[in-house]
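Q: Please see the structure below; I have some questions.
Only the coordinates and a few stated rules stand behind these numbers; no lab work does. Everything quoted here is computed from the prediction, not taken from an experiment. As a convention, Cβ positions derive from the backbone with ideal geometry for all residues, glycine included, and neighbour counts pool all protein chains shown.
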Amino acid sequence: MPHPPHPPRAARPPPHTTVRAGAAAKAGTAAASTPGQSPRAFRLDLAGLAQSQSAVSQFVLRLEKARVFDEVRLVQTGRKPFLKGEAVAFQLECSLTGKKEAKP
């Protein structure tokens with residue numbers, strides 16, 4: 001008896017990466033619908049694994065260089081068992097407030 005075909009996979013991050021996004025819970029960051037109101041702020045919390053501390057640093061620098069976020073902050077790093085060795089676990093906070101002007 002043949003097996004039914006697998007459903008198509010949705011694009012998603014690798015299994016070792018967790019991505020959560022939501023509005024920042026700060027006072028004064030309401031959605032701007034008229035001039036003079038504060039722009040809406042968002043924060044992307046990103047966690048993952050890398051082969052080395054250097055790889056984490058390079059990843060943070062590439063995110064900053066992309067100029068998508070107003071701020072990229074390294075929250076935490078630490079060694080963690082992974083497969084038959086170790087990896088560097090990391091947590092980042094990427095802020096998008098809309099206050100920064102777009103640069104070419």
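Q: Over the Cα atoms of segment 40-99, what is the Rg over Rh ratio if Rh follows Kirkwood?
A: Answer for segment 40-99: 1.05.
Q: Which whole-Hz couplings ³J(HN,Hα) result when phi for each residue of segment 49-55 is put into the Karplus expression 6.51 cos²θ - 1.76 cosθ + 1.60, θ = phi - 60°, listed in order with x for Gly and Pro?
A: 10, 9, 6, 7, 4, 4, 5
Q: Say each of VAL75 and LEU61 gets a label point 7 Å from the Cα, pointing the same way as Cα to Cβ; how far apart are those two points in nm?
A: Distance between label points: 2.4 nm.
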